[in-house]
1. I'd like to check one number: the per residue accessible area of the stretch 1-85, probe 1.4 Å, reported in Å² as a whole number.
2. Which residues' amide hydrogens lie under 5 Å from the amide hydrogen of Tyr164, considering only partners 5 or more residues apart or on another chain, with H built in the peptide plane?
3. Take Thr263 and Lys5, extend 7 Å from each Cα along the Cα→Cβ direction, and tell me the distance between the two endpoints in nm.
4. Can you tell me which lysines have their Cα less than 21 Å from the Cα of Lys85? Leave out same-chain residues fewer than eight positions away.
5. Once you list every other residue whose beta carbon is under 15 Å from the beta carbon of Ala70, what net charge do they have if Lys and Arg are +1 and Asp and Glu are -1?
6. Counting Lys and Arg as +1 and Asp and Glu as -1, what is the net charge of the other residues whose Cβ lies under 14 Å from the Cβ of Ile194?
7. Run the simple label-point estimate for Glu75 and Thr37 please: 7 Å along Cα→C-beta, distance reported in nm.
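The values are calculated or read from the model by the stated rules, or taken from the named source; none is laboratory data. What you are looking at is a predicted structure, and each value in this text was computed from that prediction instead of being measured. Cβ sites come from the backbone with ideal geometry, for glycine too, and all protein chains shown count toward neighbours. These accessible areas exclude ligands, DNA and RNA; they are computed on the full protein's heavy atoms, side chains included. Shrake-Rupley method; radii C 1.70, N 1.55, O 1.52, S 1.80 Å.
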Amino acid sequence: MAKTKFTIISLFPEALEPYLNSSMLYKAQKAGIIEVTYVNLRDFGIGAHKSVDDTPYGGGDGMLLRCEPAFAAIESVKNKDPDAKIILPTPVGQIWNQALARSFAEVSSDNSHDSWNSDFEASADRNQRAQQNDPESVNSNEEKSSSTISTRHYVIFCPHYEGYDERIMSLVDYPVSLGNYVLTGGELPALIIIDSITRLLPGVLGGKTSAEIESFSDGDNLEYPQYTKPAEFRGMKVPEVLLSGHHAKIDQWRREQSLKRRTERGVDDDLGIV
Ligand code: ADE
C-alpha cells in the first residue's frame, strides 16, 4: 500500500503537532498509512535574527513573507523528492471540498486530480512563464490540460503574517482556500487538508476500503439525521421507522431526508458530491 506523505513547512510546527499526534491521525501514522514531517520555516530565515518577512513594496500595512526563506524551505524538500507537490493554503485559492479531498486521496496509479479547477491547476507553470515574460501565460483559460501526479507526497507551505510575496506562487501546484474568510496563517487549513485526505485512505476508518468509504461515509449518510441510543431522550424520540428493522423503508426515509436537507440548503454539491 502506498504511503501518503505530508511535509508541513511552518513557522509554528508546535501548533500542529498536538492535533496530528491525536486520534485517527496519530493512528494513521502509527499504522504507516501516512507520514508527517515538519520543516521549520524559521530555519531558513535571513541573518542573525532569522527574519522571514518584510514590508510590502508600494506601501501598505503589515509584513509579507519573503521569497528567500520560502524558496529555500520548499527547495530543501523538492531537492530530496522532486515529485512532491506543493499546496499553498491561501484565501485566493480553489475552495477545498470533498471531491478534492477524494482526488488527493486517490489510490489509482495516475492519481489525477480531475476535480481540480484547471485555472488553478497550472499556476506554477503559469507563474514561471510569467516570470519569463512568456505571452502564453496571460490567458489562464488556455491551460485546460488535467494534471496527473504519481506522487503521494504533499508539501503544505503555511504562510503567516499578513501575506506572502506573490513570486512564491511560482513554486505552488495547488493554491487551496478553506473558505471565504481570512485566517492568520496556513496551519489550520493544513490540518483540515490532511485530516480530510487521511480519513479517506484505506485502513483509516475501521479497515474499510476507499470504495466503501466513498459509498458509505461520503454520500448521503452525511446528509440525513442519525441517532443512537437511547430511543428517547428528554422527550425527544428517534423516528419510528429507524426502530422498525425494515431496511427498505429505512433506506427510503434516509433518501427522503437527504433530499430534503439538500433542497433546504439550496446547494446540491456543497460536499463536492455531485
Ligand atoms: N489563509 C488565510 N485565510 C485562508 C483561507 N480562508 N483558506 C486557506 N488559507 C488561508
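1. On the way: 4750 Å² over 85 residues.
Accessible surface, normalised per residue, equals 56 Å².
2. Leu65
3. The answer from the label model is 5.0 nm.
4. Leaving aside lysines fewer than 8 places away in the same chain, those within reach of Lys85 are Lys3, Lys5, Lys144.
5. Working: positive: Arg42, Lys50, Arg66, Lys78, Arg167; negative: Asp43, Asp53, Asp54, Glu68, Glu75, Glu162, Asp165, Glu166, Asp173.
Net of charged neighbours comes to -4.
6. +2
7. It is 1.8 nm.
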